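The values are calculated or read from the model by the stated rules, or taken from the named source; none is laboratory data. Source: prediction; values computed, not measured. Positions of Cβ are backbone-derived with ideal geometry, glycine not excepted, and every protein chain shown enters the neighbour counts.
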Amino acid sequence: MADNIHRSELKSIVITGPGIPAEGTTVHFANKYTYDDNGGVKSIEIIKYNNEKKDGAITIGEMKNGVLQLNEAGKKEKIGTSDIIWDDISKNNKKYFQNESKKISKSEETLEILGVNTDKEKLNKYKKNNGIAISEEETNESVNKKNKKTNLEALKKKQFRKQYGNFFYPLGIKNNNQDRIKITVVDFIPQNIPPEPNPDGTRDPINFELGRSGEKVIRGSATLPIPNGVSDQNKVDFSDGTLNPAQVAGAQVALNALLGGIGPGGQALGETITEALKDPNTPRTIANLLTSFALNINPNQLVARTAGGVFNNNLALLFKGPTLRPFNFNFNVSPRDQRESIEVQKIIRMFKQSSAVQRTESGLFLGSPHVYDIEFLSGSSSHDFLPKIKTCALQVFAVDYMPNNTYMTYENSSMVSYSFQFQFKELDPIFNDDYEDDDFEFSNEDGFGNKLIGGIGF
């Protein structure tokens, strides 16, 4: 290693194929290893000889990532005693020769002589440069060692990406008036608790709604064609509700007590009892009710068994509250050239990263992922005939890299087609006052007469 060069022992192989005699021709060669300043191997050249005595030595090329790259002299050199030159070597013969060269490079003897077997990082670099497979254990060990310091530094920062960019698919949609959907990545804005009293003791008008206030920060966007199957579902939640007589009486007493104090509440309770006692069935009912409480059984069971009836449960369908609307979109994407392929890759990366959970600097909390503003556009204006959507969370972003169940790529290995699936859900419910007044303005410009102000709305 003093001269920074090592030549392997001579190796002889027999090559057969088109243009080569039936018995084949023998090729004599060796690997020439050149070291870098750090003791690693920077190159592997192929030395070809005329015979076993190593006569006629000539460098025919270099092994790069396990592939023989012929030099100008090597291209014109004949293979063994045949008339076939190395530049015309068949793919099978070239692969065979490359594999034989790699056998020399990955032998334990060669690794020991080169001194790369004592350092995992040098060994993995050596194997990678020479097209030698690296085991998963070797890869993991090397990566972990290499990234240990980087990971520690990253864990201290734990900062989310600040900007993604504004992307378009197809690229032409940027400069035309095609209807489109624009999905904008924004920071999550938390809800506010109603404010405390002012320092002077006064209080602003009480508003018990937990609203959101704060500056909207845009991190990026993707503009895509209108997806197929756009739909929405405005839904509120109702459920059955009951109140038995005891609960009704208790509610009346509690309400009167809250509104009028204990005295009026007690008076109301007395009046309720007096009125109830006028009913001849009241003593039996009260007895059944108290018995059911004592035995922890359904009071209606006792009443049904003893009186052939049940308590009036005052059944009604009661409003429980609003629901949050989901929006699911599917896109089939087929990049037409390299620029469009790169744009699609950036879009995928943006939605994957922006929808991922953020980590705080201390590691004590996990921060909300980014959220999304979604808008349907007709040209540069809001689309009047598709719904408006409030800020959403992206619950699922799924990518199918082979939507046709076939592995098909372009020359740069990018996929010929992709399929995207978005599952969004609004952060806040829809309220009646979110809609603009139901008014019409007269317009004959498009030939459709009156136009609804604000379009369909939410």
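Structure notes:
- Members of the range 378-393 found to be closer than 12 Å to Gly455 by Cα, touching a strand residue (DSSP E or B) at 6+ places or on another chain (Cβ under 8 Å) and not in a loop (DSSP other than H, G, I, E, B), listed by number: Ser382
- Within the range 15-44, the residues that satisfy the criterion of being farther than 17 Å from Ser107 by Cα and of a type in the set (D, E, K, R) are Glu23, Asp36, Asp37, Lys42.
Results for (1) aliphatic (A, V, I, L, M); (2) more than 41 Å from the chain's Cα centre (by Cα); (3) modelled with pLDDT under 65, shown as yes or no for each residue.
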{"site": "Arg284", "(1), (2), (3)": "no, yes, yes"}
{"site": "Asn296", "(1), (2), (3)": "no, yes, yes"}
{"site": "Asn314", "(1), (2), (3)": "no, yes, no"}
{"site": "Gln338", "(1), (2), (3)": "no, no, no"}
{"site": "Ser341", "(1), (2), (3)": "no, no, no"}
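- For the residues Glu108, Glu52, the requirement of being in the same structural domain as Thr25 (by TED's automatic domain parsing), closer than 22 Å to Arg7 by Cβ and modelled with pLDDT of 85 or more singles out Glu52.
- Qualifying residue in the range 400-414 (condition: at pLDDT below 80 and surrounded by 14 or more Cβ atoms within 10 Å (Cβ to Cβ)): no
- In the range 91-118, of all residues being basic (Lys, Arg) and more than 13 Å from Ile15 (Cα to Cα), the one that is surrounded by the most Cβ atoms within 10 Å (Cβ to Cβ) corresponds to Lys102.
- Residues that are touching a strand residue (DSSP E or B) at 6+ places or on another chain (Cβ under 6 Å) and not charged (D, E, K, R) within the range 87-100 comprise Asn93, Gln98, listed in sequence order.
- Boolean, Asn4 is at positive phi, surrounded by fewer than 14 Cβ atoms within 10 Å (Cβ to Cβ) and out of contact with any Pro (no Cβ under 9 Å at 6 or more places or on another chain): yes
- When residues in the range 194-230 are screened for being modelled with pLDDT of 90 or more and outside any strand (DSSP E or B), 3 of them pass.
- Scanning the range 35-90 for residues that are in contact with an Asp or Glu (Cβ under 8 Å, 6 or more places away or on another chain), among the charged types (D, E, K, R) and surrounded by fewer than 14 Cβ atoms within 10 Å (Cβ to Cβ) yields a count of 1.
- Scanning the range 350-388 for residues that are without any contact (Cβ under 8 Å) to a residue 60 or more places away in the chain and within 19 Å of the chain's Cα centre (by Cα), we see that the one that is farthest from Phe331 (Cα to Cα) is Leu366.
- Looking across the range 409-421, the residues that are within 16 Å of Gln345 (Cβ to Cβ) and either of a type outside the set (A, V, I, L, M) or not in a strand (DSSP E or B) (or both) come down to Thr409, Tyr410, Glu411, Asn412, Ser413, Ser414, Val416, Ser417, Tyr418, Ser419, Phe420.
- Of all positions in the range 389-398, at least one carries a residue that is among the β-branched types (Val, Ile, Thr), in contact (Cβ under 8 Å) with a residue 24 or more places away in the chain and surrounded by fewer than 16 Cβ atoms within 10 Å (Cβ to Cβ).
- The range 354-383, subset among the polar types (S, T, N, Q) and in contact with a Pro (Cβ under 7 Å, 6 or more places away or on another chain), residue nearest to Asp232 (Cα to Cα): Ser355
- Answer from Gly363, Gly321 - the residue that is modelled with pLDDT of 80 or more, loosely packed, with under 14 Cβ neighbours inside 10 Å and at positive phi: Gly321
- So Tyr372, is it surrounded by 11 or more Cβ atoms within 10 Å (Cβ to Cβ), within 18 Å of Ser221 (Cα to Cα) and of a type outside the set (Val, Ile, Thr): yes
- If the condition is being in contact (Cβ under 8 Å) with a residue 24 or more places away in the chain, in a helix (DSSP H, G or I) and in contact with a Phe, Trp or Tyr (Cβ under 9 Å, 6 or more places away or on another chain), then the range 105-124 contributes Ser105, Thr110, Ile113, Leu114.
- Residue within the range 62-83 that is over 47 Å from the mean Cα position of the chain (by Cα), in a strand (DSSP E or B) and either among the aliphatic types (A, V, I, L, M) or at pLDDT below 85 (or both) present: no
- Glu426 vs. criteria closer than 25 Å to Ile173 by Cα and either surrounded by 14 or more Cβ atoms within 10 Å (Cβ to Cβ) or basic (Lys, Arg) (or both): no
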